[in-house]
1. Would you mind checking 66/141; 48/83; 48/120; 83/141; 48/151; 66/161 for any pair whose Cα atoms are more than 24 angstrom apart?
2. Give the aspartates and glutamates reachable from residue 164 as a straight Cα distance under 20 Å; neighbours fewer than 8 places away on the same chain don't count.
3. Points 7 angstrom from Cα along the Cβ direction at residue 48 and residue 108: gap in nanometres?
4. First measure r as the distance between the Cβ atoms of residue 73 and residue 146, then evaluate 1/(1 + (r/R0)^6) with R0 = 22 Å and state the FRET efficiency to the nearest 0.05.
Amino acid sequence: MNDQRSNKSFDYMDENGRIILRPIGVVHSPLQGKSNDAPFQSFVSDIKGTIEVFEEFEPGLDGIEKFSHIFVIYYMHEAEKIKLRTVPLMEEEEQGIFATRSPSRPNHLGASTMRLLAHKSRFLDVEGLDIFDGTPVIDIKPYVAKVDIVKGVDSEWLTRKLEKIKSRKLE
């Protein structure tokens, strides 16, 4: 692959097959890295924060305020481990990493859906954060229920896990 493409594109694959991505912004969150305070998932979080989109990408936010929720893809820069098998949170049985939401992945990419509270120039006020402060943002997409909700999904594992979380909070 030609290195000249990297000068014209925000992302590219180099001659060694590595995918090079440039962050479009950064998360400002009360959650500090390596903390155990991070919620299990964004949908159980009421934590508020801000996503700062870098100046050169600000035009890409036009119209985002028409959506109540956004889907944020980010690089888990605090994650250090890479495992192909793990025991998921509050489970006993080891599983393959791709069957879990663990951050110990071969590529430390995360994805969260959160409520968009406000769009002010290049800043997005959000609620439902489960992302550490300073986390690089790779992409933002509007959450569209008719497109993003898939009917007939088996989520028994989630129901069991939420019941465990609920019972621990009651103790």
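Every number in this text was worked out from the coordinates using simple rules, so none of it is lab data. Note that the structure is a prediction, hence the values are computed from the model and not measured. Positions of Cβ are generated from backbone atoms using ideal geometry, with glycine treated the same way; all protein chains shown enter the neighbour counts.
1. 48/83; 83/141; 48/151; 66/161
2. Residue 164 reaches 37, 46, 91, 92, 93, 94, 130, 154, 156.
3. 2.9
4. Once the sixth-power term is evaluated, E becomes 0.60.
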